[in-house]
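Scroll down for the structure; my scribbles are underneath it.
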Amino acid sequence: MSFLANNYNRKDLAFEKGKGSYLISKKGKKYLDFVQGIAVNSLGHANPKLVEAINKQSRKLWHVSNAFKIPEGEKLAKKIVNRTFADSVIFQNSGAEATETAIKIARRYFYSIGKPYKTRIICIKNSFHGRTLAAIHASGSKKMVEGFGPKFPGFDHFKFGDHKKLKSLINKNTAAIMIETVMGEGGIKVIPSWCIKELRELCDKKNILLILDEVQCGIGRSGKFFAFEYAKVKPDIVPIAKGIGGGFPIGAVLMTNKISKAMTPGTHGSTFGGNPLAMTVGNAVLDQINNKLLNNVNKMSKYFIKNLENLKKKYPNIIKEVRGLGLLIGLQLFNDQTKFIQKLMDNKLLTIRAAENVIRILPPLNVKKSEINLALKIINKVCKELN
Ligand SMILES: *Cc1c(COP(=O)(O)O)cnc(C)c1O
């Protein structure tokens, strides 16, 4: 009997400990973990530098209010700003909070320049921006908003790829377009670079803001620090979370100078966001997201995707498409993926579902070739069994 609410469809599997790409179950079985907490444990389980950093900090100071200076946060913000388009950062605790804060910031920006009517946010239908009230309405998914009260005003939606509709939605009340650079939950759909470029031009032309949600695809997962770097554009606001904490809950919103001027004292806050313990872990994560690691992401991605394409050729009735960018990989099946994922699990490979019959494969960014080979062997075995 469980005293946890029943809002998750949990597998009957619990873990004792983890190391790198592997998890050890309570029953002592070893699993290759290509979920990694849904792209959260960017450096795998029990990364030695993260373990050391959190232990050291935990003996000194966990939490102080944002009423005081937090040097660890200053340091992390500086590192992020030095590496990216951003001029300043607000720290939060999760992805949904980060996307909601991004929405608040976009609206507040227009308010601060005397255009308070510019509040509407345009998003892709059936995208994913989190599970809080505004975020579910931003996501534009019927299933996610069902039963949760009156429709949140302020969001307009267009279908993935329907640029005509997108353009028709823009009016004088539009504040921003907010999209995931790579749609994660939506089925690992990569927004092409030319499209991101055009979105940027459109936003400039219409004087609206471009918010790129990199909660899942950011912080090295795509093979670049941010996925939008492939398009060589500069967004206005970028919410991040998952990978930045390496397993510790951290969210953040990055923004340019122009925007951050609107965020004057008292406009936004968080009790926990950016506390010394979280910021110490964030610093230890970011210090390891270096060029060497990004090279590994790109090399392993190429190898993995090439071999998954080979499996697609070998099993053309099972695998429909191989999708992805970096180590955010989707294996789209012709049929429902539930049984396939279960069989992978039975063979000690953990993966997770996404929309459109996609199996999401999320190795840690420091994954080894031998681990990918093991995953390929298991995927091949399951294909053969289901063929
Ligand atoms: C996971 C995710 C979120 C929500 O993050 P939480 O930490 O679960 O609130 C928002 N946007 C994207 C793109 C995500 O993948």
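The values are calculated or read from the model by the stated rules, or taken from the named source; none is laboratory data. Quick caveat, the model's predicted, so the values are computed rather than measured. Because the Cβ atoms are built from the backbone with ideal geometry, glycine has one as well, and the counts that use them run over all protein chains shown. We work out accessible area using only protein heavy atoms, side chains counted, and drop any ligands, DNA or RNA first. Shrake-Rupley method; radii C 1.70, N 1.55, O 1.52, S 1.80 Å.
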Test of understanding: among Leu202, Leu209, which residue is in contact with a helix residue (DSSP H, G or I) (Cβ under 6 Å, 6 or more places away or on another chain), away from the ligand (no atom under 16 Å from the Cβ) and touching a residue at least 24 places away in the same chain (Cβ under 8 Å)?
Leu209
Here are some residues: Lys302, Lys306, Lys320, Lys312. Which one is over 20 Å from the mean Cα position of the chain (by Cα), within 25 Å of Phe334 (Cα to Cα), buried (at least 17 other Cβ atoms within 10 Å of the Cβ) and basic (Lys, Arg)?
Lys312
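Output yes when any residue across region 178-193 is of a type outside the set (Val, Ile, Thr) and away from the ligand (no atom under 16 Å from the Cβ), and no when none is.
Yes, region 178-193 has at least one match.
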Those residues of region 7-39 which are more than 22 Å from the chain's Cα centre (by Cα) and either surrounded by 18 or more Cβ atoms within 10 Å (Cβ to Cβ) or outside any strand (DSSP E or B) (or both) amount to Lys11, Asp12, Leu13, Ala14, Lys26, Lys27, Gly28, Lys29, Tyr31
Just to confirm my filter: which strands (runs of 3 or more DSSP E) fall fully inside region 185-257 and include at least 1 residues that are touching a Lys or Arg at 6+ places or on another chain (Cβ under 8 Å), farther than 29 Å from Ala46 by Cα and of a type in the set (A, V, I, L, M)?
209-213
Kindly evaluate Ala86 against the criterion of being in contact with a Gly (Cβ under 6 Å, 6 or more places away or on another chain) and either outside the structural domain of Gly251 (by TED's automatic domain parsing) or surrounded by 15 or more Cβ atoms within 10 Å (Cβ to Cβ) (or both).
no
Of the residues Lys377, Lys339, which single one is in contact (Cβ under 8 Å) with a residue 24 or more places away in the chain and of a type in the set (D, E, K, R)?
Lys339
More than 16 Å from the ligand (Cβ to nearest atom), closer than 30 Å to Asp87 by Cβ and assigned by TED's automatic domain parsing to the domain that holds Ala98: is that true of Lys167 in this structure?
yes
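Okay, residues lined up against (1) closer than 16 Å to Leu376 by Cα; (2) among the aliphatic types (A, V, I, L, M):
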site: Leu294; (1), (2): no, yes
site: Asn298; (1), (2): no, no
site: Ser301; (1), (2): yes, no
site: Asn307; (1), (2): yes, no
site: Asn310; (1), (2): yes, no
site: Lys314; (1), (2): yes, no
site: Asp336; (1), (2): no, no
Residues being surrounded by fewer than 19 Cβ atoms within 10 Å (Cβ to Cβ), of a type in the set (Val, Ile, Thr) and within 12 Å of the ligand (Cβ to nearest atom) - total across region 122-147:
1
Could you grab me the full set of residues in region 249-264 that are of a type outside the set (Ser, Thr, Tyr) and open to solvent by less than 70 Å² (accessible area, probe 1.4 Å)?
Ile250, Gly251, Ala252, Val253, Leu254, Met255, Ile259, Ala262, Met263
Would you mind finding the one in Gly266, Gly251 that is in the same structural domain as Ile237 (by TED's automatic domain parsing), under 30 Å from Phe68 (Cβ atoms) and touching a residue at least 12 places away in the same chain (Cβ under 8 Å)?
Gly251
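If the requirement is being open to solvent by less than 10 Å² (accessible area, probe 1.4 Å), over 19 Å from the mean Cα position of the chain (by Cα), under 15 Å from Ile38 (Cα atoms) and among the hydrophobic types (A, V, I, L, M, F, W, C), which of these qualifies: Leu365, Leu349?
Leu349
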Scan region 89-121 residue by residue and report those that are aliphatic (A, V, I, L, M) and within 16 Å of the ligand (Cβ to nearest atom).
Ile90, Ala96, Ala98, Ala102, Ile103, Ile105, Ala106, Ile121
Being within 22 Å of Phe228 (Cβ to Cβ), outside any loop (DSSP other than H, G, I, E, B), assigned by TED's automatic domain parsing to the domain that holds Ser270 and open to solvent by 50 Å² or more (accessible area, probe 1.4 Å) is true for just one of Lys104, Lys75. Which residue is that?
Lys104
I need every pair where a residue in region 116-145 that is under 17 Å from Pro239 (Cβ atoms) has its Cβ under 9 Å from the Cβ of a residue that is open to solvent by 70 Å² or more (accessible area, probe 1.4 Å) and within 12 Å of the ligand (Cβ to nearest atom), sequence separation at least 6 or different chains.
Ser139/Arg131
Given the structure, is Ser222 touching a residue at least 40 places away in the same chain (Cβ under 8 Å), more than 30 Å from Lys60 (Cα to Cα), small (Gly, Ala, Ser) and within 16 Å of the ligand (Cβ to nearest atom)?
yes
